[in-house]
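Have a look at the structure below, then the notes.
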Amino acid sequence: MSGPRVLFYVQHLLGIGHLARASRIVRALVDDGFAVTLVTGGMPVDGFPGPGIDHVALPAIAVGDGGFSALVDANGTVIDEAFKAARRDRLLAAYHAMRPDIVIVEAFPFGRRQVRFELLPLIAAIEASTPRPLLLTSLRDILQERAKPGRDEETIDLVLRHFDGVLVHGDPAFVRLEDTFPLADAIAGRVVYTGLVGSPAAEPAAERYDVVVSAGGGAVGAGLVEAALAASGRRTGSGRWLVITGPNLPQADFARLSAARPAHVDLVRFRIDFRNLLAAARLSVSQAGYNTVCDVLQAGCGAVLVPFASGGESEQTARAERLERLGRAVVLREDILSGETLADAILRAEEAGTEKNVPVLQLDGANRTAKILRDLLKRRVTS
């Protein structure tokens, strides 16, 4: 490998948003001349991390039926200590084999506490290394609210003791770290905003759909897909619809929904040209995940956002409400989602059109991350 060496760790547990954002960043780093190894720990997802990226896949884990505290392997079996040890050892072997100049850990210690069994040993190995690589954490712009006391203080302690920087992949003109992390002032000197990690603007697809509905990875999107199919029957004058269920929607649900779709609606699991379809669409209907919102903003189409809010999740709601205040989206709460309410939200979005007088958000976060890493390495050499 040539160029500065980067080990980038990402663990996706439920959807594919973390993996998609990390893959966009890694692609930009590789294009900028970095030698990158991406270490992933979630279930395999077709198309990620992408061609030409060195990839180490740890034994896969996902969220079990017991929620985020219960982790299961690819067979649905709750993981045990031997499984954890095997993952830890493979992660440490990848680290020692690469001897990186920079290690980037996605989310931790602000999130992903479930995998501290392997990340704390990785941090110990970093601290014992000579020369010691830079250690950075990679964060989305809006964090999940923490209910348990002491968690934020523990996060601050870990950052101050071990991390050289906090890469916040957001635009501070839209949202700042302190807006969703109350102790941010304690680490203000280590926070760097990269801008939102969007993809380059896409050419409009030749195949045109007026309304594009996307349910993210699909693990928790069945309700949105069902409501969209019902709404499409009420909004027959809205043109052609494409409903993308996501790859993780159970096959039985996909077959049932496919059989129920109206004639002017196409139902698919995945489209590799999703961004091209958005660029040609009049309206997007989606959850309010980080990557999807970046794609919608880049495309410039109208938007109805149905933020995922089950189980106390707050991140998507915070993002969607900020965009609605900017006049950039119509928000529909998940708890009142139905064919009727979605049809009404789509009508309101169509009548409003895309607001042109809104702030232009920074969407070039992947390339800006590459520049930031080079600046950090130069600063270390000259200090």
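Considering only protein heavy atoms and a 1.4 Å probe, what is the carbon-and-sulfur percentage of the accessible area of the stretch 1-154?
The value for the stretch 1-154 is 52 percent carbon and sulfur by accessible area.
Two decimals is fine: what is log10 I(q)/I(0) at q = 0.24, 0.26, 0.32 Å⁻¹ for the stretch 73-117, from a Debye sum with one equal scatterer on every Cα and no solvent?
-1.03, -1.08, -1.12
Taking Cα extents along the principal axes in Å straight from the coordinates, which label in (i) 46, 46, 45; (ii) 66, 48, 43; (iii) 64, 41, 39 is the correct one?
For Cα extents along the principal axes in Å, the calculated option is (ii).
Distances longer than 15 Å among the Cα atoms of the stretch 137-184: what percent of all pairs is that?
Working: 530 of 1128 pairs.
Above the 15 Å cut-off, the stretch 137-184 has 47 percent of its Cα pairs.
For a paramagnetic label modelled at 7 Å from the Cα of LYS371 toward its Cβ, which residues of the stretch 24-40 fall within the zone defined by backbone nitrogen distances under 20 Å?
24-35
Across all directions of projection, what mean area in square nanometres is found for the Cα convex hull of the stretch 281-383? Mind dumping the intermediate values first?
On the way: hull surface 34.8 nm².
Result: a mean projected hull area of 8.7 nm².
Full-extension gain between GLU207 and GLU321, please, as 0.36 nm times their residue separation minus the C-alpha to C-alpha distance.
On the way: separation 114, 0.36 × 114 = 41.04 nm, distance 3.13 nm.
37.9 nm is the gain from fully extending GLU207 to GLU321.
Compute the distance from the alpha-carbon center of the stretch 126-153 to that of the stretch 296-363, in whole Å.
Taking the Cα centre of the stretch 296-363 as reference, the centre of the stretch 126-153 is 30 Å away.
For the stretch 63-128, what is the relative contact order in percent, using Cα pairs closer than 8 Å and at least 6 residues apart in sequence? Walk me through the numbers before you get to the answer.
Values: 32 pairs, mean separation 21.1, N = 66.
Result for the stretch 63-128 is 32 percent.
Testing the spin-label approximation: label points 7 Å from Cα along Cα→Cβ at VAL192 and SER2. State their distance in nm.
With each label point 7 Å from Cα toward Cβ, the separation is 2.4 nm.
Label ASP65 and ASP364 with points 7 Å out from Cα along Cα→Cβ: what is the distance between them in nm?
Calculated label separation equals 5.0 nm.
Give the long-range amide H neighbours of ARG146: residues separated by 5 or more places, or on another chain, with amide H under 5 Å away, using H modelled in the peptide plane at 1.01 Å from N.
none
Quick one: net charge around PRO182, please, counting Lys, Arg +1 and Asp, Glu -1 for every other residue with C-beta under 14 Å from its C-beta.
Values: positive: ARG146, LYS148, ARG151, ARG176; negative: GLU145, ASP152, GLU153, GLU154, GLU178, ASP179, ASP185.
Net charge in that neighbourhood comes out at -3.
What percent do you get for the relative contact order of the chain when only Cα pairs under 8 Å and 6+ apart count? Please report the intermediate quantities before stating the final value.
Details: 723 pairs, mean separation 57.2, N = 383.
In percent, rounded to a whole number, it is 15.
Once you charge only the Cβ atoms, +1 for Lys and Arg and -1 for Asp and Glu, what is the size of the charge dipole of the stretch 189-312 about its Cα centre, to the nearest 20 debye?
Numbers: 11 positive and 8 negative charges, 29 e Å.
With Lys and Arg at +1 and Asp and Glu at -1, about 140 debye.
Under 11 Å from the Cβ of ALA202, count the other residues' Cβ atoms, weight Lys and Arg +1, Asp and Glu -1, and hand me the total. Working shown, then result.
Values: positive: ARG275; negative: GLU203, ASP273, ASP295.
Local charge sum for ALA202: -2.
For n ≥ 4 DSSP H runs only, could you compute -39500 (n - 2.57) per run for the chain, divide by its residues and tell me the 222 nm figure to the nearest 500? Display every interim value, and only then the final one.
Numbers: 12 runs with 144 residues, N = 383.
Value at 222 nm, helices only, nearest 500: -11500 deg cm²/dmol.
Determine, from the Cβ-Cβ distance of LEU160 and THR77 and an R0 of 56 Å, the FRET efficiency 1/(1 + (r/R0)^6), rounded to the nearest 0.05.
On the way: r = 38 Å, r/R0 = 0.67.
In this case the efficiency is close to 0.90.
Ranked highest first by average number of other Cβ atoms within 10 Å, how do 229-241, 283-295 line up?
Values: 229-241: 17.7, 283-295: 25.0.
The most tightly packed comes first, giving 283-295, 229-241.
Between ARG379 and ALA128, with labels modelled 7 Å along Cα→Cβ, what's the label distance in nm to one decimal, could you check?
Distance between label points: 2.9 nm.
Check VAL56: other-chain or 5+ apart residues with amide H under 5 Å from its amide H, H built from backbone geometry?
Excluding prolines and chain starts, which carry no amide H, the hits are LEU38, VAL39, THR40.
Determine, from the Cβ-Cβ distance of LYS148 and VAL268 and an R0 of 45 Å, the FRET efficiency 1/(1 + (r/R0)^6), rounded to the nearest 0.05. Display every interim value, and only then the final one.
Numbers: r = 40 Å, r/R0 = 0.89.
Calculated value: 0.65.
Around ILE25, what is the net charge, scoring Lys/Arg as +1 and Asp/Glu as -1 over all other residues with Cβ under 13 Å from its Cβ? Spell out each step's value before the answer.
Numbers: positive: ARG21, ARG24, ARG27, ARG140, ARG368, LYS371; negative: ASP31, ASP32, GLU106, ASP364.
The answer is +2.
Could you tell me the calculated FRET efficiency between SER338 and ASP54, based on Cβ-Cβ distance and R0 = 45 angstrom, to the nearest 0.05? Provide the component values of the computation, followed by the final result.
Details: r = 46 Å, r/R0 = 1.02.
Efficiency computed from Cβ-Cβ geometry: 0.45.
Roughly how big is the stretch 65-190's charge dipole about its Cα centre, with Cβ charges of +1 (Lys, Arg) and -1 (Asp, Glu), in debye to the nearest 20? Working shown, then result.
Numbers: 16 positive and 20 negative charges, 67 e Å.
That gives the stretch 65-190 a dipole magnitude of about 320 debye.
The values are calculated or read from the model by the stated rules, or taken from the named source; none is laboratory data. From a predicted model like this one, the values you see are computed outputs, not experimental measurements. Using ideal geometry, Cβ is built from the backbone for each residue, glycine included, and neighbour counts are taken over all protein chains shown. With ligands, DNA and RNA removed, areas are computed over all heavy atoms of the protein, side chains included. Shrake-Rupley method; radii C 1.70, N 1.55, O 1.52, S 1.80 Å.
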